[in-house]
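Q: This is the structure, below, for whatever I ask next.
The values are calculated or read from the model by the stated rules, or taken from the named source; none is laboratory data. Because the structure is a prediction, the values reported are computed rather than measured. No Cβ is skipped: glycine too gets one built from the backbone with ideal geometry, and neighbour counts run over all protein chains shown.
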Amino acid sequence: MVTLAGVTKQYNGHPALVDISLTVADGEFLSLLGPSGCGKTTLLRLIGGFERCTKGSVLIDGRDTDGVPPERRAVNTVFQNYALFPHMTVFDNVAFGLRMANRPRDEIAAAVNGALDLVQLHGMAARRPAELSGGQQQRVAIARAIVNKPRVLLLDEPLSALDHRLRKQMQKELKQLQRTLGITFILVTHDQDEAFAMSDRVVVMQQGRIEQIGSPREIYEEPVNLYVARFVGDINVLAGVIREKIGPNLYTALVEGVTVQLRSDRPLSLAQPVYILLRPEDFRLAVEDAATPARELPGTIRHAGLKGTVRRIFYHGATYDVEVSLENGTRIQVTEFFDEDSDTLSCTPGDRVTLGWHEGWEVVLPHEE
Amino acid sequence: MKNNTLFRRLLIGATWAWMALLALVPYLMLVGASFFERGTDTLVRPGLTLSNYLHLLSPTVFTMAADSVALAAVAALLCLLVGYPFAAILAHAPARIQPLLLLLVMIPFWTNSLIRTYALVMLLKADGVVNSLLLHAGLIAEPLRLMYTPVAVFIGLVYTLLPFMILPLYAALKTVDPQLLEAGRDLGAGRVRNFLHITVPLTMPGIIAGTMLVFLPALGMFYIADILGGARTMLVGNYIRDQFLVFRDIPTGSAASVTMTVAMGLLLVLHHLARRRSGKEMLP
């Protein structure tokens, strides 16, 4: 549907995008995720036709779009601040694209009302944008874009101006809308939850480059580098050195002073320094109290046993975070779920604990050059 | 803080006093004189009469008023046509050089407009700069007749009043969110339709303000028509000046003056009402 081939964009010699290649499938919901200034909006503007590539090409429906102005592209954009025309009613805003295409009057009326129904704004057609709430303005912006039946809808941080609850609701509605319409959606966001909740695939970007492309689950569970791992969600990064290869994809390593077993698809050599990445919810912890000093971790996580002391506990409702400092000083964040049977916390600050994780849940990354 | 308010009061008080003494009081005298009768020895004779105003209800005065309105309207239209592209270039120029360009727009204000009108004579007369240049360039065989034509009057009016058009247009254009134009193009409007459907409606307050700021002074700018047009057509401004300085008919001059002020005031009130209405609709 949309293909970017070796796209490079420079502003006054400063690279904003470097050699981006990406194919977006028909009907896909793709997110461009990254911090501000990573080039994600520039990428969107290149597809929309508001910028031209310095090098490379943007293909829409297999056709090179170089030199094709925005008004002649089968894409529409939902702008970050909606960019609704303040001097027009909601109806006129939504009808704008169809009028520019010189569609017959009754067809326009039917299409506009249909689009307003779709975003649940019937009855608002005569209002001005200034008379609408932020969420309603957002819906007008979406209706104004989809009424033209674009092949691709570009969304530039469309929900960033909404409050948390409304944002969650709009995420669901957008996803629903995309399924109903079958249009390819390309969403720019810096919010990982938003990208994960809606997208089929996520493109993680940094400094004008693509770090990783994958399903939300792949991005979260198999980050390809430390940057991606740290950008999406909380993560603990442990330092380790490979000791021995004990089987296919199975190694022993010294991690934070403890010998553990590691699983990795990557070829690792002996004495190689590595990072071991673990999400807070990957850990399990067991308290070593005076009565049962040798209370053991369950079998599946017995291959690793980091010793430490509970420092602080943060309550989050369904879960609680435990901050543990290991004997060598490294701090680790562990997320525990409340036990089904009891509503008490399993540990208190000052407790000595043993930490382990399910075998194979760790991500092992060699040091990057 | 207390000093500040005292200082402020002094400043504002001085301004008010100045305005009252030199604008309001003379104007009230003018209003009073418009109801007086013309005296033989003295300039005016106290009394209460509407004859000065009835005097104005003559075909000649109507023709003159219509001519003035037409002239001012054409001048305003020309200023709009010249000023809009200029203001657009100004508003879209790099932020660094905008103050410089604005300064260039304002510099002419530093010289009295009467003097600048005489300077225009030097440019436009038969052996003036424009004709000399065109002759030397071989574009014309004999000098163009520019002076004492309507063309010269419009050149003078546009030259003098253009900044009053450019500044409000510039201010209006600066407030148009560039993203709205991108949205327009995204929705299929080319540059021309974008301009007509988005830029023009959004800058309408500036267009109206600029038109008023050019139209109203143009009604009264008698000296430009005099100097560059050779006083062939009588305009409201010339008429009022002549009543005072030539015929010494102060009551009639005052009545004409007051009538014109009231007419302008009405226009301003209309403008204000229109702006308030559109302002309500155009809140962000």
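Q: Which one of these is within 14 Å of chain B (Cβ to nearest Cβ), touching a helix residue (DSSP H, G or I) at 6+ places or on another chain (Cβ under 6 Å), free of Cβ contacts under 8 Å to residues at least 60 places away in the same chain and buried (at least 19 other Cβ atoms within 10 Å of the Cβ): A:Val94, A:Val119, A:Val78?
A: Working: A:Val119 fails: within 14 Å of chain B (Cβ to nearest Cβ); A:Val78 fails: free of Cβ contacts under 8 Å to residues at least 60 places away in the same chain.
Exactly one residue qualifies, and that residue is A:Val94.
Q: Here's a follow-up. Give me the strands (runs of 3 or more DSSP E) completely within region A:190-260, filtered to those with at least 2 residues that are of a type in the set (A, V, I, L, M), over 30 Å from A:Thr41 (Cβ atoms) and touching a Lys or Arg at 6+ places or on another chain (Cβ under 7 Å), ordered by residue number.
A: Per the criteria, A:250-255.
This table checks each residue for (1) touching a strand residue (DSSP E or B) at 6+ places or on another chain (Cβ under 8 Å); (2) under 17 Å from A:Ile186 (Cβ atoms); (3) at pLDDT below 95.
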| site | (1), (2), (3) |
| --- | --- |
| A:Val2 | yes, yes, yes |
| A:Thr8 | yes, no, yes |
| A:Pro15 | yes, no, yes |
| A:Val18 | yes, no, yes |
| A:Cys38 | yes, yes, yes |
| A:Phe50 | no, yes, yes |
| A:Gly67 | no, no, yes |
| A:Tyr82 | no, no, yes |
| A:Ala101 | no, no, yes |
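Q: Let me ask another. Is there a residue being assigned to a helix (DSSP H, G or I), touching a residue at least 40 places away in the same chain (Cβ under 8 Å), on the phi < 0 side of the Ramachandran plot and surrounded by 11 or more Cβ atoms within 10 Å (Cβ to Cβ) anywhere in region B:125-148?
A: no
Q: Does any residue of region B:55-68 turn out to be charged (D, E, K, R), out of contact with any strand residue (DSSP E or B) (no Cβ under 8 Å at 6 or more places or on another chain), surrounded by 10 or more Cβ atoms within 10 Å (Cβ to Cβ) and free of Cβ contacts under 8 Å to residues at least 12 places away in the same chain? Before you say what the answer is, go through the steps one by one.
A: Here is the first cut: in region B:55-68, the residues charged (D, E, K, R) are B:67.
Narrowing further to those that are out of contact with any strand residue (DSSP E or B) (no Cβ under 8 Å at 6 or more places or on another chain): B:67.
Still in the running and surrounded by 10 or more Cβ atoms within 10 Å (Cβ to Cβ): B:67.
Right, trim to free of Cβ contacts under 8 Å to residues at least 12 places away in the same chain and you get none.
No, region B:55-68 contains no residue that is charged (D, E, K, R), out of contact with any strand residue (DSSP E or B) (no Cβ under 8 Å at 6 or more places or on another chain), surrounded by 10 or more Cβ atoms within 10 Å (Cβ to Cβ) and free of Cβ contacts under 8 Å to residues at least 12 places away in the same chain.
Q: Tally the residues that are closer than 16 Å to A:Leu121 by Cα and of a type in the set (S, T, N, Q), restricting the search to region A:87-109.
A: Residues flagged as closer than 16 Å to A:Leu121 by Cα and of a type in the set (S, T, N, Q) within region A:87-109 amount to 2.
Q: May I ask you to verify whether B:Gly188 is among the small types (Gly, Ala, Ser) and touching an Asp or Glu at 6+ places or on another chain (Cβ under 8 Å)?
A: Yes.
Q: Looking at region A:129-149, can you tell me whether even one residue there is among the β-branched types (Val, Ile, Thr), within 11 Å of chain B (Cβ to nearest Cβ) and more than 22 Å from the chain's Cα centre (by Cα)?
A: For region A:129-149, residues among the β-branched types (Val, Ile, Thr), within 11 Å of chain B (Cβ to nearest Cβ) and more than 22 Å from the chain's Cα centre (by Cα): present.
Q: A follow-up question, please. Any chance region A:225-241 includes a residue that's under 30 Å from A:Val78 (Cβ atoms), among the hydroxyl-bearing types (Ser, Thr, Tyr) and in contact with a strand residue (DSSP E or B) (Cβ under 8 Å, 6 or more places away or on another chain)?
A: Taking every residue of region A:225-241 in turn, at least one turns out to be under 30 Å from A:Val78 (Cβ atoms), among the hydroxyl-bearing types (Ser, Thr, Tyr) and in contact with a strand residue (DSSP E or B) (Cβ under 8 Å, 6 or more places away or on another chain).
Yes/no per residue for (1) part of a helix (DSSP H, G or I); (2) at the interface with another protein chain (Cβ under 7 Å from one of its Cβ atoms):
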site	(1), (2)
B:Ile155	yes, no
B:Tyr170	yes, no
B:Val176	no, no
B:Ala183	yes, yes
B:Val192	yes, no
B:His197	yes, no
B:Gly206	yes, no
B:Met212	yes, no
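Q: In region B:200-249, what residues are surrounded by fewer than 19 Cβ atoms within 10 Å (Cβ to Cβ) and of a type in the set (Ser, Thr, Tyr)?
A: B:Tyr223, B:Thr233
Q: For region A:235-248, give me the residue count where each residue is surrounded by 14 or more Cβ atoms within 10 Å (Cβ to Cβ) and free of Cβ contacts under 8 Å to residues at least 24 places away in the same chain.
A: Number of matching residues: 0.
Q: Sticking with this one: If I ask for residues that are under 28 Å from the mean Cα position of the chain (by Cα) and not aromatic (Phe, Trp, Tyr), which ones from region A:66-114 would you list?
A: A:Pro70, A:Arg73, A:Ala74, A:Val75, A:Asn76, A:Thr77, A:Val78, A:Gln80, A:Asn81, A:Ala83, A:Leu84
Q: So which helices (runs of 4 or more DSSP H) stay within region B:47-120 end to end and still have 1 or more residues that are within 28 Å of B:Gly32 (Cβ to Cβ)?
A: Filter on region B:47-120 gives B:51-56, B:59-92.
Q: Could you check region A:47-73 and list, in sequence order, the residues that are closer than 19 Å to A:Lys149 by Cα and in contact with an Asp or Glu (Cβ under 7 Å, 6 or more places away or on another chain)?
A: A:Gly48, A:Pro70
Q: Of the residues that sit in region B:225-260 and are of a type in the set (Asp, Glu) and not in a loop (DSSP other than H, G, I, E, B), which one is nearest to B:Arg145 (Cα to Cα)?
A: Selected residue: B:Asp226.
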